[in-house]
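Comments concern the structure below.
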Amino acid sequence: MSIVKYDKYYTEDAKACGDPYPAFVEFFERHVRTPVSVLDLGCGQGRDALFIARLGHTVFGVGISEVGVRQMLDTARKEGLDIEAVVADASTYRSRCKYDVVLLDRVVHQLSDRAEQERLLGNAARLTRKDGGGTGRAGVRRD
């Protein structure tokens, strides 16, 4: 799906992607007891990022759609949530920071070839802290 289609899709429906992914809801509600830093690669409108930030975690989103990222940040600002984001390609996004948890929701299957999928997954692995989830350092500085 192209950027133009995402922008149009998100403009037409402020909740185009629906509710947070159920497996993420269960994981964060049942297993993550201390605040962690979360990177949402392919954050879209923030359906997962907003839910996770509401639980008290620090979230950084990377999304290809300026419309989706803006919608997520507007909601976060209104609710006083700890979310920052950039408009960028999740496969090539670079950061000096590492995160306790890296999310990929509805992203891998959007890529048409295996090399692109592997690039995305490799990028996600590079951005994940080795002891992910175990540090409780939610206040990491992001670039």
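The values are calculated or read from the model by the stated rules, or taken from the named source; none is laboratory data. It should be emphasised that the depicted structure is a prediction, and the values quoted were computed from it without experimental measurement. In this analysis, Cβ positions are derived from the backbone assuming ideal geometry, glycine residues included, and neighbour counts consider all displayed protein chains.
Scanning the range 87-115 for residues that are touching a residue at least 40 places away in the same chain (Cβ under 8 Å) and not in a loop (DSSP other than H, G, I, E, B), we see that the one that is nearest to R129 (Cα to Cα) is Y99.
Residue pairs whose Cβ atoms lie under 7 Å apart, separated by 6 or more positions or on different chains, with the first residue in the range 75-86 and closer than 22 Å to Y99 by Cα and the second β-branched (V, I, T) and surrounded by 17 or more Cβ atoms within 10 Å (Cβ to Cβ), are A76/I83; D82/T58; D82/V59; I83/V59; A85/V62; A85/V69; V86/V62.
Tell me yes or no: at least one residue of the range 118-128 is surrounded by 13 or more Cβ atoms within 10 Å (Cβ to Cβ), modelled with pLDDT of 85 or more and outside any helix (DSSP H, G or I). Within the range 118-128, one or more residues are surrounded by 13 or more Cβ atoms within 10 Å (Cβ to Cβ), modelled with pLDDT of 85 or more and outside any helix (DSSP H, G or I). Of all residues in the range 88-102 being at pLDDT 90 or above, of a type outside the set (S, T, Y) and crowded, with 17+ Cβ neighbours inside 10 Å, which is farthest from E118 (Cα to Cα)? Residue satisfying both the conditions and the ranking: D100.
Tell me whether the range 24-35 contains one or more residues that are in a helix (DSSP H, G or I) and among the aliphatic types (A, V, I, L, M). Yes: the range 24-35 contains one or more residues that are in a helix (DSSP H, G or I) and among the aliphatic types (A, V, I, L, M). Note on the range 43-74: residues that are within 17 Å of C97 (Cα to Cα) and either part of a loop (DSSP other than H, G, I, E, B) or touching a residue at least 40 places away in the same chain (Cβ under 8 Å) (or both) amount to 3.
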